[in-house]
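Below: the structure, in structure tokens.
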């Protein structure tokens, strides 16, 4: 954002059409996360690119197999710990992009994620409102 030039530059990471017919709204984010396989203590760095109540998309350098379940520690305003299964995998020049379905195993995680998504929605709406007011 350049206030003096009165411009905002955006980069579109992915383009979605209404044909996706998603059940839950996705929120674009850039969050640091650590992924683990099963009970392993080895952590793999991942960046969460978007998140919804039902799933998320991550980028990482690690090559995980499809349908692998991963445990995530997401570093957000509210630390989130969850499990997710890889349902989509795409390799680009530098990274892997994974589509994941979140697996809820307790009653607290869905409530925590819902609380975070409400905060995220409010924050993004306020940003857009402020940007429009500055025009």
Would you order 48, 90 from fewest to most other beta-carbon atoms within 10 Å of each residue's own beta-carbon?
90, 48
So, in nm, how far is label residue 124 from label residue 104 when the simple model puts each one 7 Å beyond its Cα toward the Cβ?
2.0 nm
With Cα coordinates, the longest principal axis of the chain makes an angle with the long axis of helix 108-134, in degrees rounded to 10, of 20 degrees
Note the listed values (1) 32; (2) 43; (3) 37, then indicate which one is percent of Cα pairs over 22 Å apart calculated from this particular structure.
(2)
Taking 72, 127, 53 and counting other beta carbon atoms within 10 angstrom, the fewest-first order is 127, 53, 72
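Would you list 75, 26 from fewest to most Cβ contacts within 10 Å?
With the fewest neighbours first, 75, 26 line up as 75, 26.
Values in this text are rule-based calculations from the coordinates and carry no lab data. Since this is a predicted model, take the numbers as computed values, not measurements. When we count neighbours, we look across all protein chains shown, and the Cβ atoms used for this are built from the backbone with ideal geometry, even at glycine.
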